[in-house]
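The values are calculated or read from the model by the stated rules, or taken from the named source; none is laboratory data. Because the structure is a prediction, the values reported are computed rather than measured. With ideal geometry, Cβ positions are generated from the backbone for all residues, glycine too; neighbour counts draw on all protein chains shown. Each accessible area value is taken on the protein alone, full model and side chains, heavy atoms only, with ligands, DNA and RNA left out. Shrake-Rupley method; radii C 1.70, N 1.55, O 1.52, S 1.80 Å.
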Amino acid sequence: MKKTPLDQWITYKIGRNDSDFYETDIREHQLKRLRETIEYVAEKSPFYRQRLKGFSATNLRTIDDLALLPFTWPQDVRENAPQFLCVSQSEIERVVTLLVPGATERPRRCYFTREDLELTIDFFSHGMSTFMEPGQKALILLPGQKAGSVGDLLARALKRIDVEGIAHGFVRDPLEAIREIAQRKVDCLVGLPSQVLSIARHSDVREIPPGQIKGVLLSPDACMKSPYVSAAVSNELRRIWNCPVFHHYGTTEMGFGGGVECQACSGYHLREADLYFEIIAPDSGQTIPQGELGEIIVTTLTRKGMPLVRYRTGHRARFLTEPCQCGTMLRRMGKVKAMKRG
């Protein structure tokens, strides 16, 4: 089984060679980046200048000392988004507004510089090379008309690995999507679980020749609905198309991409050169032992426009302690679910 492409990518990003790459190397890199991030936001971000008042990056003697810092909550972003900015508005390339259906509070906004978007493209290109080969085509069933939208970033990422990314947008008409898949000889689908399933179960799905679909990537709408992909949906897609089904986890706040499965399809390999993940007990806020279920906390390590420190995602998962079949030393996170707050 091929090792996850993220292995070599992260090795390169932390400045190591395959011959001397260990998990401790990643943690040392992350500790260095965490210190740099704390210094950066304390100087540049009005929000964190106040929130982290009295705390110095020198207090981070070990990576576990990050637990001494306060959390950043979704309502902080909702109420104070411009105060998070570490650059001038003129340097912002893309602003994403997160509207929650049925919610009465104001939306959250996330800001990205050109460099921030490049980090996402870089991650997408390596993650997609897990199951796509040069010369293939992927139909992207996500918004992609606007520059900097997730579908646009994915199409640009695929181009780097010589794959044609076709930005179809959300599925409004399954039959229209089916005919585009058949006519353009699409090899892979990327989209929301429910929408990909609507194509697979459509009565005219037979228009897609057997064996044409060679892979599916399910990317739940983690920010606005549920981040969870049910086993029933994955199994049904495997049955219909007889192909591997991969899962991706990411939120807009973390720069769209957070982790993706390898060919073993047994947990997310994380984007650890750009993000630091913690799992805590939701009620106490304390770090819990490896392998236990808790809330996912994310700190950005390389973001310039709107870094986030210890952001509470409201999602729950656990770090998997058993080795991955692909042989990587990267951490894995188990399937992600939404978490109800009390």
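Normalised Debye scattering of region 122-179 at q = 0.18, 0.22, 0.30 Å⁻¹ gives log10 I(q)/I(0) of -0.58, -0.81, -1.17, counting only Cα atoms as equal scatterers and leaving out solvent. With q set to 0.06, 0.07 Å⁻¹, the log10 of I(q)/I(0) for the chain, from the Debye formula over equal scatterers at the Cα positions, is -0.21, -0.28.
Projecting the Cα atoms of S56, T113, H202 onto the charge dipole of the chain (Cβ charges, centred on the Cα centre) puts H202 farthest toward the positive pole.
So which trypsin sites (Lys or Arg not before Pro) in region 30-71 pass both tests, a DSSP loop state and at most 16 other Cβ atoms within 10 Å of the Cβ?
Qualifying residues, ordered by number: K53, R61.
Would you please name the chymotrypsin sites (Phe, Trp or Tyr not before Pro) within region 94-200 that are DSSP coil residues with at most 15 other C-beta atoms within 10 Å of their C-beta? When the chymotrypsin sites (Phe, Trp or Tyr not before Pro) of region 94-200 are filtered for loop state and at most 15 Cβ neighbours within 10 Å, F170 remain. Here the dipole of the chain is about 540 debye; that uses its Cα centre as origin and unit charges on the Cβ of Lys and Arg (positive) and Asp and Glu (negative). Spatial offset of region 200-218 relative to region 284-342 amounts to 33 Å, using the alpha carbon center of each.
Give the longest segment of the chain that steers clear of GluC sites (Glu not before Pro) in DSSP loops with at most 14 neighbouring Cβ atoms within 10 Å, not counting the sites themselves.
106-291
By definition, a body whose alpha carbon gyration tensor gives a ≥ b ≥ c is oblate when a/c is 1.5 or more and a/b is not larger than b/c, and region 154-223 fits this oblate description.
Each other residue within a Cβ distance under 9 Å of T287 adds +1 if Lys or Arg and -1 if Asp or Glu, for a net charge of -2.
Share of carbon and sulfur in the accessible area of the chain stands at 48%, probe radius 1.4 Å. With each label modelled as a point 7 angstrom along the Cα→C-beta vector, the S194-Y12 pair spans 3.8 nm. Remark: relative contact order (region 212-311) = 17 percent; criterion is Cα-Cα distance under 8 angstrom and separation of 6 or more residues.
The listed residues H248, H126, once ranked by accessible area (1.4 Å probe) with the largest placed first, stand as H126, H248.
Label positions at S56 and T287, each projected 7 Å from the Cα along the C-beta direction, are separated by 2.2 nm.
Summed over the residues of the chain and divided among them, the accessible surface reaches 45 Å² per residue at a probe radius of 1.4 Å. Pairs of Cα atoms nearer than 8 Å and 6+ residues apart set the relative contact order; for the chain it is 18 percent. Site pair L175 and N242 shows an inter-label distance of 2.7 nm when each label is modelled 7 Å from Cα along Cα→Cβ.
Computed about its Cα centre, the charge dipole of region 186-270 is approximately 220 debye, with only Lys, Arg, Asp and Glu carrying charge at their Cβ. Using R0 = 30 Å, the C-beta based FRET efficiency linking A231 and T24 works out to 0.30.
Taking every C-alpha pair closer than 8 Å and separated by at least 6 residues, the mean separation divided by the residue count of region 121-278 gives a relative contact order of 18 percent.
Which net charge results when you count Lys and Arg as +1 and Asp and Glu as -1 among the other residues whose beta-carbon is under 14 Å from that of P134? All intermediate terms of the calculation are to be shown ahead of the outcome.
Numbers: positive: K137, K159, R160, K214; negative: E133, D162, E164, D187.
That works out to 0.
For the pairs K13/K137; K32/K53; K13/K214, note any where the Cα-Cα span goes beyond 22 Å.
K13/K137; K13/K214
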